[in-house]
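Working notes, beginning with the structure itself.
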Amino acid sequence: MKQAWIPFASRPVPRYTSYPTAADFAPDVSEPDARLWASATTPDKPVSVYIHVPFCEKLCFYCGCATSVPNGYSRIASYLETLHREIDLWAAALGDHAGMAHLHFGGGSPNALSAEDFKDLVAHAARAFHLRPDAEIAVEIDPRSLSPDFIHAMAVSGVNRVSFGVQTLSPTVQQAVGRIQPKILLSEGIDRLHDAGIRAINMDLMYGLPHQTVADVEDAAHFAAEMGAARISLFGYAHVPWFAKHQKAIDEDALPGLEARFEQAEAGAHTLELAGYHAIGLDHFARADDSLAVAARAGTLHRNFQGYTDDPCDTLIGIGSTAISQFSEGYAQNFKDRPNWQAAINDGRLPVERGVAFTDDDRLRSRAIERLMCDLEVDVDAVCDEMQAPRGSLADALETARFLQSAGLCELNGKTIRVPTEARLFLRTVAQSLDGRYKPAAQRHAKAV
């Protein structure tokens, strides 16, 4: 890493899976707003649905997701009962639409559900939101608890993409983060998915974990490529123990430093590109024939709360506690507190706790940030024209970008901001120049690298 980049590497910046970011969500957006926004869908446009399953058999020390260990199935069963009610509430609230184009299950670990309960949940969502014949149904999976029955349930339910949590193959690192999963367990799980007809397998890898080395990251990248992953994400571990309390179990002295993290990320990316994968945005890689790579080449890549996506839907309905819905008018997040979430649904209300309504400036900056995060460059005047805003509306971003250009983090050509490939890990830092709402605050965001 260049010496001029080190001060920027340690600065906290948002992930920009949304703009405005969740840090700007407030309780002045509530159930009536979400209900009004949901009713505004139109018959010519499909919708997407995300279903949150906040349970795992075991908590991994590195995880920052909204999840918990159920200690028996009764808590899951109770949650599921409410989840089915929420599906009906959102389905009734939506206006006419062109059906459900994407259905994504995340968590937590969706395979914490029983096979039969999972099949029932998919079938209910498919009926309620009118699943399209060409829809993508994707499920995030914990390989440690992936059973043959659950694989069969996914196959008969029409699941056509699975996200497989590999993270690392190093036994030392696995022990340090509380996620023991031998390589044979992973490869056999992937083989069983292929045998069941689920061919599109995404794999999640990580760098910056305790005791992790460059060789560890390269080993995991080689494995993902050898197993034929369609897409691979290479995430940097974000150590935020003030937010994710179980991260306090991680030995901070064993964490790689900033320069070591950078070297690990670069080594992983190099390994994947040598294996034929196309780099996508900040931290994703895809085979040339995968729809994500196709969208990237066509300039139609998008970014939402699930990361990079080829899903063009304007409306994304988030179902489950903490889930976030996206509309043309704003974002709405469900209650994080599960009793409050359940109480709202039992009262027949959409369980929205907070959110943010978009201003015209938000829409302009959101579009510019998304294009930069997806394409590694953005013509700010072209975005102003597209969004019918006066040219010069993003002049502040250009001024900040000029400062970043002096450190080699970006290049300016007229009104175009471009992030060079070697500075890809600082993409969020450059995107921050377009953020009109950013306010520095301690313990809010993870470091840039």
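Mean-square fluctuations from a GNM of the chain, with a 10 angstrom spring cutoff on Cα atoms, peak among Arg367, Arg424, Arg132 at Arg132. Full extension of the chain between Asp314 and Leu274 yields a length gain of 10.9 nm, computed as 0.36 nm times the residue separation minus the alpha carbon distance.
Send over the Kirkwood Rh of the stretch 1-142, from the inverse of the averaged 1/r over different Cα pairs, rounded to one decimal Å. Present the calculation step by step, with values, prior to reporting the outcome.
Numbers: mean 1/r = 0.0564 Å⁻¹.
Hydrodynamic radius (Kirkwood, Cα pairs) of the stretch 1-142 is 17.7 Å.
For the stretch 71-120, the ratio of Cα radius of gyration to the globular rule of thumb 2.2 N^0.38 Å stands at 1.34.
Just the number: Rg to Rh for the stretch 357-449, Cα atoms, Kirkwood Rh, two decimals. Rg/Rh for the stretch 357-449 comes to 0.95. Panel note: the C-alpha atoms of the chain, placed on their principal axes, show extents of 57, 51, 41 Å (largest first).
In the chain, the calculated helix contribution to ellipticity at 222 nm averages -11000 deg cm²/dmol per residue, counting -39,500 (n - 2.57) for every DSSP H run with n ≥ 4. Take every Cα pair under 8 Å whose residues are at least 6 apart in sequence, average their separation, divide by the length of the chain, and the relative contact order is 21 percent.
Size descriptors for the stretch 199-252: radius of gyration and Dmax over Cα atoms are 13.4, 39 Å. Each Lys or Arg adds one and each Asp or Glu takes one away; over the other residues whose Cβ falls under 14 Å from the Cβ of Pro210, this sums to -1. When both the stretch 29-57 and the stretch 215-235 are represented by their alpha-carbon centers, they are found 33 Å apart.
Any read-out appearing in this document is the output of simple, stated calculations on the displayed coordinates, not a laboratory observation. Small disclaimer: the values here were computed from a predicted structure and weren't measured. Note that we place each Cβ from the backbone using ideal geometry, even for glycine, and neighbour counts take in every protein chain shown.
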